[in-house]
Amino acid sequence: MTTTTTPQILDGNAIAAAIQTEVTKDVQQLHLQGIRPGLTVVLVGNHPASEVYVRNKVKTSAALGIKSESITPPASVTTEEMLALIATLNAREDIDGILIQLPLPAHVDAKRLLEAVSPEKDVDGFHPVNVGRLQSGQPSLIPCTPAGIIQMLKRSGILISGQHAVVVGRSDIVGKPMAMLLLHENATVTICHSKTKDLAGFCRSADILVAAIGKAGIITPAMVRPGAVLVDVGMNRITSQEDFDRFFSGNSRREATFREKGSVLMGDIDPHAFALASYYTPVPGGVGPLTIAMLMANTVRAARLRRGLPV
Ligand code: NDP
């Protein structure tokens with residue numbers, strides 16, 4: 001277990017920038033071979049938060065030399081129309097990555113759509129073929145958020161092998177692939193969820209604690225072992241003065257944001273717990289930036305895998 005006396009911040013922006021620099025070099029190499037990696041993001045309807053995410057993805061792609069486009073079917077689009085669109089994208093030679101931005105409207109069959117994306121172009125790593133490849137340790141396209149977290153831990157010199165990693169949350173997008181990746185890195189992994197008895201006890205036994213729940217501050221200082229590595233995936237917007245005071249009272253920078261915007265973004269870990277950690281990811285500026293960096297890396301990986309080039 002790596003322990004330090006002062007908690008170290010795991011700076012997601014800095015690590016994401018390093019990954020993006022590497023991706024840019026990779027893209028330039030591919031350009032020299034006449035290959036221009038391409039990413040298509042499909043955004044259904046008007047979802048303000050998703051619009052921001054998609055804009056960022058397209059902008060970052062362009063900055064790295066990846067050809068990118070967004071396709072924006074109306075909210076009334078049917079599952080059949082979406083399947084036809086995905087079939088067209090699967091067949092397009094100039095596209096290496098297809099990302100269907102979630103959430104989708106309730107009337108659209110998200111599962112069918114995600115399964116319709118060609119596994120070779122599935123840069124989100126959600127297709128059952130890629131889930132299976134991840135499980136069996138074959139080269140695959142791995143979900144961006146957990147892949148980014150592994151990059152962050154490794155690049156920060158944090159020991160994973162032999163450590164007890166506790167992942168709270170078992171979604172297909174974060175929790176399950178996170179647990180699998182940690183297992184592949186030889187951690188001893190426990191997965192907790194809403195039915196777990198004694199969540200606090202499991203969390204307290206974690207050397208590496210990954211919170212991917214979606215509930216502000218649910219991991220309290222009493223649930224954290226001193227010296228643990230805290231990875232906070234949660235993205236929660238708090239708007240009440242009571243919540244703000246509970247988590248950020250006395251934090252002048254956050255107070256200014258709260259006054260100005262009427263809300264602040266926070267994770268699943270009560271920020272008071274960070275003082276106990278050896279390392280921790282802040283929210284914002286921790287895990288979030290890595291997700292987009294790994295999407296770029298996955299697009300280049302997909303471009304290489306599809307052409308039989310080494311990855
Ligand atoms: P889901 O809602 O799909 O999954 C949440 C998980 O948390 C479920 O497995 C659920 O258990 C578990 N859970 C809920 N309540 C409790 C509880 N009281 N105790 C223990 N476990 C609980 O969310 P996601 O995995 O998609 O996302 C989790 C968070 O991460 C969200 O805040 C999301 O916004 C954020 N996120 C951030 C990203 C980033 O780039 N930073 C990327 C993706 C997500 P059960 O299965 O039993 O219901």
Grab the Cα-Cα distance for Gln241 and Arg204, subtract it from 0.36 nm times how many residues apart they are, and report the gain in nm with one decimal. 10.4 nm
For region 33-121, what is the per residue volume of the convex hull drawn over the alpha-carbon atoms, in cubic angstrom? 81 Å³
So what does Asp270 come to for accessible area, using a 1.4 Å probe and Å² rounded to 10? 20 Å²
Over region 33-121, with neighbouring protein chains present, the accessible area per residue in Å² at probe 1.4 Å is 48 Å²
Accessible-area composition of region 8-65, carbon plus sulfur, in percent [1.4 Å probe]: 53 percent
Looking at the chain, send over the antiparallel percent of its DSSP beta bridges, to the nearest 5. 10 percent
Here the gain from full extension of Glu260 to Ala84, 0.36 nm per residue of separation minus their alpha-carbon distance, amounts to 58.9 nm
Using only Cα atoms, find the angle between the long axis of helix 175-184 and the longest principal axis of the chain, and express it within 0 to 90 degrees, rounded to the nearest 10. 90 degrees
Project the alpha carbons of region 143-290 onto their principal axes and report the range along each, largest first, in whole Å. 45, 31, 27
Per the 1.4 Å probe, what fraction of the accessible area of region 143-290, in percent, lies on carbon and sulfur atoms? 52 percent
Mind checking the dipole of the chain: about its Cα centre, +1 per Lys or Arg Cβ, -1 per Asp or Glu Cβ, Debye to the nearest 20? 360 debye
Find how many whole Å separate the alpha carbon centroid of region 134-185 from the alpha carbon centroid of region 74-117. 27 Å
Angle check, please: helix 48-64 long axis (alpha carbons) against the longest principal axis of the chain (alpha carbons), in degrees 0 to 90, nearest 10. 70 degrees
For the chain: rounded, prolate or oblate by the Cα gyration tensor [a/c cutoff 1.5]: prolate
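The values are calculated or read from the model by the stated rules, or taken from the named source; none is laboratory data. In this text, all values refer to a predicted model and were calculated from it rather than measured experimentally. Quick reminder, even Gly has a Cβ in these numbers, built from the backbone with ideal geometry, and neighbours come from all protein chains shown. Protein only, heavy atoms only, side chains kept; ligands, DNA and RNA dropped before computing areas. Shrake-Rupley method; radii C 1.70, N 1.55, O 1.52, S 1.80 Å.
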